[in-house]
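Read the figures in this text as sums done on the coordinates, not as results from a lab. Since we're looking at a predicted model, the values are computed, not measured. We place every Cβ from the backbone using ideal geometry, glycine too, and count neighbours over all the protein chains shown.
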Amino acid sequence: MHEQDQVKAGKAFLNWFDGTDSKTFEEMANEGAKAEDALYAASNIQIAFADKGDQQQAFINAADYSDEWAECFRAWYICQAKQGEGWGNCNTLIASKRWDTLHDEPEATWQRWHCGSCGARYKTAFGLLIEVKKGGIGCYILAEFPPNHMGDFKAAIIQQRYGSGCESPGELFARLPDLRPASTTFFEPLLRGWKDHGKK
Ligand SMILES: [Zn+2]
């Protein structure tokens, strides 16, 4: 369906580009701007949870707390915050459900995530650590933060795996498994998050 919308918006834009020179420049510019907006909107429609109406984005946000895209493919958010001159980066891998969050509802808009080890706020520039499982053994490679359409693709996969009959983003979040990396040799678990530091 959304591909048809893209084609329609694309044609409208091209028709405008071909020109209707009977109009004033202002009218033409306005129409062009509208056609461009429509084309942009049609190109950026998300397919995941499209049936959820105004809750769509909240469901997509909740789906992002699954690090496992497919059984043998995971993408972990990692903290690469600099730890001061000569100390290198934090390099902590944290399961999505275990990041300290600014807002209590995980799917909240404008959510922020903080590292449980150093407290730094997650930045997309930190990227991800990809885990490919083969025979129960994890192979790891650093990757850049994926573009938006990959996020939509991931959310669509999560919808298929866990979204059936799900009534709220919170319910979806609760259904997502608590994951750990396949390799227990290279990763040492953190027992308490940053928010809990100083607590008994
Ligand atoms: Zn950190």
Of all residues in region 97-123 being touching a helix residue (DSSP H, G or I) at 6+ places or on another chain (Cβ under 7 Å) and in a strand (DSSP E or B), the one that is farthest from the ligand (Cβ to nearest atom): Asp100
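In region 158-177, which residues are surrounded by fewer than 18 Cβ atoms within 10 Å (Cβ to Cβ) and touching a strand residue (DSSP E or B) at 6+ places or on another chain (Cβ under 9 Å)?
Result: Arg161, Pro177.
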Residue in region 146-167 that is part of a loop (DSSP other than H, G, I, E, B), more than 15 Å from the ligand (Cβ to nearest atom), under 21 Å from Phe186 (Cβ atoms) and among the acidic types (Asp, Glu) present: no
